[in-house]
Amino acid sequence: TNFAAPQVNGELSGYLDFIFLRPFLPQRGGHQLEGLARFDFQFNGPVKDYRSMDFSGDIAVERGKYSATFLPQPIDSFTLDAYFDQKLVNVREFYGRTASAQLGFQGRVENLIPYILADSIAAREIAMTADGAIKGAVDLVMLQPFLPAARQPKLTGKMNIDLALSGSTKDLENIRPRGRVSFVNATYADTALPEPIRLFNADLVLSPDTITVEKMQVDFVSSNASFQGKLSEPFP
């Protein structure tokens, strides 16, 4: 309707190559997206200002790839089955793989679409919130970029994750996980340690105010230690 300032109200379904979306991604942040999507959604609003459109529907993605500067590693492969509207993405199932991790997620993410559609300045003010469960395995070498480089750290091993998470990207310190984390055959060395850790194994149960250490074994070059117990209020 109204061809002078077109308004559209309809339903759209089909297949989409994500190469079509590249002009709409934020120009800053190194966002790169690939994949094939099957979609079925409804939309209503002005063509000129697509950001103000009302829309909702379902999407399934295969052969997906995504990279951005805020990610420690590019997502080399992902699949997705989700419902979405202007504010909400309900993730029925997501599975992603990087060079050092395999992770699955089920849950809700709010404000993801506004963040993707916003320009670089507006995106800084958008807080994405998530409430869901994440499972998978991570090679600890993935955490190497976050360690203090001046101490010449070296980290190896594997971390298994089975957690429920809830929180906002604007308030990461107050995200309180629930579930289990285990460290398997980890090693660590840096110049601040008198001896490197030759082996570290641990099974942890996390709740919002307590970490229960079911078992933890640490082997240094000349000594070893084990621990069982609870850490109260550990996250602050």
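The values are calculated or read from the model by the stated rules, or taken from the named source; none is laboratory data. The shown structure was predicted, so the numbers you read here are calculated from the model rather than taken from an experiment. Heads up, the Cβs are rebuilt from the backbone with ideal geometry, glycines too, and the neighbour counts pull from every protein chain shown. Surface accessibility is based on the protein's heavy atoms, side chains included, excluding ligands, DNA and RNA. Shrake-Rupley method; radii C 1.70, N 1.55, O 1.52, S 1.80 Å.
Going through (1) surrounded by 16 or more Cβ atoms within 10 Å (Cβ to Cβ); (2) touching a residue at least 40 places away in the same chain (Cβ under 8 Å) one by one, Asp171 falls short only on (1).
When the residues of region 94-119 are filtered to those that are under 17 Å from Val141 (Cβ atoms) and among the aliphatic types (A, V, I, L, M), the one that is surrounded by the most Cβ atoms within 10 Å (Cβ to Cβ) is Ala101.
Restricting attention to region 120-142, the residues being of a type in the set (S, T, N, Q) and either at pLDDT 85 or above or open to solvent by 60 Å² or more (accessible area, probe 1.4 Å) (or both) number 1. If Arg178 passes every condition in (1) within 30 Å of Tyr115 (Cβ to Cβ); (2) open to solvent by 30 Å² or more (accessible area, probe 1.4 Å); (3) in contact with an Asp or Glu (Cβ under 9 Å, 6 or more places away or on another chain) but one, which one does it miss? With respect to (1) within 30 Å of Tyr115 (Cβ to Cβ); (2) open to solvent by 30 Å² or more (accessible area, probe 1.4 Å); (3) in contact with an Asp or Glu (Cβ under 9 Å, 6 or more places away or on another chain), Arg178 is out only on (3).
Scanning region 143-158 for residues that are open to solvent by less than 30 Å² (accessible area, probe 1.4 Å) and aliphatic (A, V, I, L, M) returns a single hit, Leu155.
If the condition is being more than 30 Å from Phe200 (Cα to Cα) and in a helix (DSSP H, G or I), then region 97-140 contributes Leu112, Ile113, Pro114, Tyr115, Ile116, Leu117, Ser120, Ile121, Ala122, Ala123. Against the definition (of a type in the set (A, V, I, L, M, F, W, C), surrounded by fewer than 17 Cβ atoms within 10 Å (Cβ to Cβ) and part of a strand (DSSP E or B)), how does Ala60 come out, yes or no? Answer is yes for this residue.
Scanning region 11-41 for residues that are assigned to a strand (DSSP E or B), on the phi < 0 side of the Ramachandran plot and of a type outside the set (Phe, Trp, Tyr) returns Glu11, Leu12, Ser13, Leu16, Asp17, Gln32, Leu33, Glu34, Leu36, Ala37, Arg38, Asp40.
Checked against (1) on the phi > 0 side of the Ramachandran plot; (2) in a loop (DSSP other than H, G, I, E, B); (3) of a type outside the set (A, V, I, L, M, F, W, C), Pro194 passes all but a single condition, namely (1). Just one of the listed residues (Phe227, Phe220) is hydrophobic (A, V, I, L, M, F, W, C), surrounded by fewer than 14 Cβ atoms within 10 Å (Cβ to Cβ) and out of contact with any helix residue (DSSP H, G or I) (no Cβ under 7 Å at 6 or more places or on another chain), namely Phe227. The residue that is farthest from the chain's Cα centre (by Cα), counting only those in region 13-36 that are among the small types (Gly, Ala, Ser) and more than 16 Å from Asp85 (Cα to Cα), is Gly14. Within the option set Arg97, Arg92, being over 16 Å from Ser168 (Cβ atoms) and in contact with a Ser or Thr (Cβ under 6 Å, 6 or more places away or on another chain) holds for one residue only, Arg97. Within region 204-223, the set of residues being closer than 23 Å to Leu147 by Cβ and part of a strand (DSSP E or B) comprises Leu204, Leu206, Ile211, Val213, Met216, Gln217, Val218, Asp219, Phe220. In a residue-by-residue description of region 31-40, the property of being of a type in the set (Gly, Ala, Ser), over 30 Å from Thr156 (Cβ atoms) and either surrounded by fewer than 15 Cβ atoms within 10 Å (Cβ to Cβ) or in contact (Cβ under 8 Å) with a residue 60 or more places away in the chain (or both) applies to no position.
With the requirement that a residue be open to solvent by 70 Å² or more (accessible area, probe 1.4 Å) and either among the polar types (S, T, N, Q) or farther than 16 Å from Val218 by Cβ (or both), what does region 186-196 give you? Result: Thr191, single match. Evaluation of Phe183 against the conditions (1) loosely packed, with under 15 Cβ neighbours inside 10 Å; (2) in contact with a Lys or Arg (Cβ under 8 Å, 6 or more places away or on another chain); (3) at pLDDT 90 or above shows that the sole unmet condition is (1).
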